[in-house]
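The values are calculated or read from the model by the stated rules, or taken from the named source; none is laboratory data. Given the structure is predicted, the values throughout are model-derived calculations rather than measurements. Cβ atoms come from the backbone with ideal geometry, glycine included; neighbour counts cover every protein chain shown. Ligands, DNA and RNA are excluded from the accessible area calculation, which covers all protein heavy atoms including side chains. Shrake-Rupley method; radii C 1.70, N 1.55, O 1.52, S 1.80 Å.
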Amino acid sequence: MINVSNIERFATHDGPGIRTTIFLKGCSLHCPWCANPETWVEYPVLMHDTKKCVRCFACQKNCPNMAIHFDPEFKWNPQTCQHCNTCVENCPLEALEFSGKSMEIEEIVKIVLKDIDYYKNSQGGVTISGGEAFVQFDALIELLKTLKKHDLHVAIETTGNYSNERIKRALPYIDLWLIDFKHIDKEKLQKVTGGDYDQIMENITYLMNTCPDQVIIRTPVIPKFNADQKTLCAMIEYVSKYPVKEMDLLPYHSLGKSKWDKMHKKYMYSDLKMMDKSELLDYVEIGKKHGLKIKLGG
Ligand code: SF4
Ligand code: SF4
């Protein structure tokens, strides 16, 4: 079994061609701009839509485990919740839904194989994303082995925040690594994301040395974090020492904000404007000068 947040068919980002993207639950980082904060924990998360809720308290009254209360705002206790779904079924306004569920590997592969003709015709395949896929490591390896038995092109989107041994074990089953490089400054990366800088850099550098033609470096460009010219140029210069496929600069967006709201968590970037790709055009030229292909967007 593996905990899944979502499965998106006919995805055209996160790797070549038409793909199915499997979003796995669990993450060891806590980036404040995260578009999928519901994936941070491995268990299913109850999402509550304040805009739909009329405070009838049917969810609270019907919960057999007293996992919901209002004080005065909606509060859900994941420690006592048994995921029985009674609250969701009793809400008259469809203001509640669970995000995430446990699935059999075979069940996932069955969904993936529905679109095999599209993958073949477009040189597409499967992308495993998250959260951080390596959190559920044993189940991930089982999933990868099963996908490769069907001769599928497999890409993985990852933070690199785990032991190098894990990368080595997963290496034979992965055709394309989309690995995050969020900041070149150790203190900033650790303070803001909670990641282990030395571990992440060891893994990025290992992949860039071992299989550069299978590596795409991805940098979310975040105002007040890494969007200044000095930082981005230093990162481009570092990556350009290796013959990787490309470096993707992902302009900041706030599309995940509604998820933070539904989890009753504060979204720290509410006052920031979304970035436009055109704001990053100069870096394409800077990359060219260093012999590095830079793509804007994923
Ligand atoms: S899923 Fe069941 S246990 Fe969990 S909050 Fe809803 S009613 Fe309560
Ligand atoms: S049952 Fe639905 S509408 Fe009623 S209080 Fe709960 S979430 Fe709000």
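Yes or no: Ile236 within 26 Å of Ser5 (Cα to Cα) and of a type outside the set (S, T, N, Q)?
Working: within 26 Å of Ser5 (Cα to Cα): no; of a type outside the set (S, T, N, Q): yes.
Answer is no for this residue.
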Across (1) within 16 Å of ligand 2 (Cβ to nearest atom); (2) touching a residue at least 60 places away in the same chain (Cβ under 8 Å); (3) assigned to a helix (DSSP H, G or I), Val88 clears everything bar (2)
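Only residues that are loosely packed, with under 13 Cβ neighbours inside 10 Å and not hydroxyl-bearing (Ser, Thr, Tyr): list them for segment 65-80, please.
First pass over segment 65-80, keeping only residues loosely packed, with under 13 Cβ neighbours inside 10 Å: 66, 70-73, 78-80.
Correct list: Met66, Phe70, Asp71, Pro72, Glu73, Pro78, Gln79.
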Output for segment 128-144, where each listed residue is charged (D, E, K, R) and either at pLDDT below 95 or within 12 Å of the chain's Cα centre (by Cα) (or both): Glu132
Restricting attention to segment 92-126, which residues are open to solvent by less than 30 Å² (accessible area, probe 1.4 Å) and within 10 Å of ligand 2 (Cβ to nearest atom)? Ala95, Leu96
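Output the strands (runs of 3 or more DSSP E) that fall wholly within segment 1-63 and possess 1 or more residues being under 11 Å from the mean Cα position of the chain (by Cα) and closer than 30 Å to Lys188 by Cβ, or say none. Talk me through it step by step, then tell me what you get.
Working: elements: 2-11, 19-24, 45-48.
Counting at least 1 such residues, we get 2-11, 19-24.
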